[in-house]
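This report refers to the structure that appears directly beneath it.
The values are calculated or read from the model by the stated rules, or taken from the named source; none is laboratory data. From a predicted model like this one, the values you see are computed outputs, not experimental measurements. As a convention, Cβ positions derive from the backbone with ideal geometry for all residues, glycine included, and neighbour counts pool all protein chains shown.
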């Protein structure tokens, strides 16, 4: 099949393009740069997906069987209108339109099923609002014009691969290898849910092959959430390093200027957020989704990290200040 990957040069996109090429599909990527590093077999289409006219012009005269929409503009936001414009520019002969949404589309709460209501149009968080509204727009197009859409809702994505923009696993491994304590915000019991990048790509490909997937959303994740403390313990186990936790009240961290997205980072990028968890039974049933065991995926990721760590040398100054001055610190060794 002829496949278009929007955002094909990013972390997820690269992994998807590699798998599509292995399966002998014809692949094009749409991104903002005039060239890519994905090899001669991959057609380059240059356009800003947030510019509807530019996308329309770039795709004019081209035909695709499958579109994988994997990109979100974190600086400006990618809206439902941008998504709809891309759908219409891609033409009316699509076999599948696979949209990468997020567990964040639910807004908040635990144990979400796919039939649960998504966040409202006036949700305060822009990313949450855009993902939820984009899904609603796509499913309206499915009802009105028969768009063969599938949406995937992953939580935290981890794994090996180039162009990972998020300082997450490497954040902890840098500190564990340096023998530094890990700051645990609050009691460390906030729940987190993960999906291995290779599993997410398999689910995306399976959603193309499975006719029953059309018109549906799927939660794609490891079935069991883990606490923040359990996540770090697993990272330490994968690296075969001891971990020493220092628990610091979250309120103190935030008053000192700490922020989940940085620059004063204290627990990896966006890893200290109110929990949103999901139930994955539907994906297991329809897509035959079988997630990789968490520790197994982390071990493979750690091997990649040792060879290809792309992040700059860490700056520990904010953490050192917290450790030196925070009140009511409780240390625990695991």
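Data overview
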| read-out | value |
| --- | --- |
| Matching residues in region 41-57 - criterion: being surrounded by fewer than 17 Cβ atoms within 10 Å (Cβ to Cβ) and in contact (Cβ under 8 Å) with a residue 24 or more places away in the chain | 56 |
| Yes/no for residue 78 being surrounded by 21 or more Cβ atoms within 10 Å (Cβ to Cβ), assigned to a loop (DSSP other than H, G, I, E, B), at pLDDT 95 or above and assigned by TED's automatic domain parsing to the domain that holds residue 152 | yes |
| Pick from region 49-75, criterion assigned to a loop (DSSP other than H, G, I, E, B) and in contact with a strand residue (DSSP E or B) (Cβ under 9 Å, 6 or more places away or on another chain), ranking: farthest from residue 151 (Cα to Cα) | 62 |
| Considering residues of region 22-37 that are within 23 Å of the chain's Cα centre (by Cα) and farther than 12 Å from residue 5 by Cα only, the residue surrounded by the fewest Cβ atoms within 10 Å (Cβ to Cβ) | 22 |
